[in-house]
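Here the structure is laid out as structure tokens; the discussion comes afterwards.
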Amino acid sequence: MTDTPVEEMSFEQAMAELEQVVGQLERGDVALEQSITLYERGAALKKRCEAKLKDAEEKVAAITLDTEGNPTGTKPVEGL
């Protein structure tokens, strides 16, 4: 686990750490208090990943295509 604030992580960083957290929890070899801390961190990492994926999805959805399927630019997306 890193000390990097979750809100500063890229999608890739958050996903990599989330995989570590899940691995630790699945092994079941951590104390209850540490399990709770790991679960909280995992929940925050999951939320970060979901937010980053939603942003990417909105950007992809904003790409406009011509009749041949070629990108022609982007249409405005509220909040981007």
For the chain, the longest principal axis of the Cα atoms and the Cα long axis of helix 32-61 enclose an angle in degrees, to the nearest 10, of 0 degrees
Note: the chain, point scatterers on Cα, Debye, no solvent; log10 I/I(0) at q = 0.13 Å⁻¹ equals -0.54
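How about region 1-70: which GluC sites (Glu not before Pro) there are in a DSSP loop, with at most 14 other Cβ atoms within 10 Å of their Cβ? Before the final figure, lay out the partial values.
Working: sites: E7, E8, E12, E17, E19, E26, E33, E40, E50, E57, E58, E68; in loops: E68.
Passing both the DSSP loop test and the Cβ count: E68.
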For K54, counting only aspartates and glutamates whose alpha-carbon sits under 14 Å away and dropping same-chain residues fewer than eight positions off, the answer is E78
GNM of the chain, Cα pairs under 10 angstrom: of A44, A61, A14, the biggest fluctuation goes to A61
In degrees rounded to 10, the 0-90 angle between helix 11-27 Cα long axis and the longest Cα principal axis of the chain is 30 degrees
Each label sits 7 Å from Cα toward the beta-carbon; between L53 and A31 the label points are separated, in nm, by 3.4 nm
Residues meeting the amide H criterion for T74 (H placed from the backbone, H to H distance under 5 Å, 5 or more places apart or on another chain) are T64
Across D29, D55, D66, the residue with the highest GNM fluctuation in the chain (Cα network, 10 Å cutoff) is D66
Expected unfolding gain across M1-A43 under the 0.36 nm per residue rule, minus the alpha-carbon gap, is 13.8 nm
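The numbers here are math on the coordinates, done by the rules we state, and not lab data. Quick caveat: nothing in here was measured; it's all calculated off a predicted structure. Backbone-built Cβ (ideal geometry, glycine too); neighbour counts: all protein chains shown.
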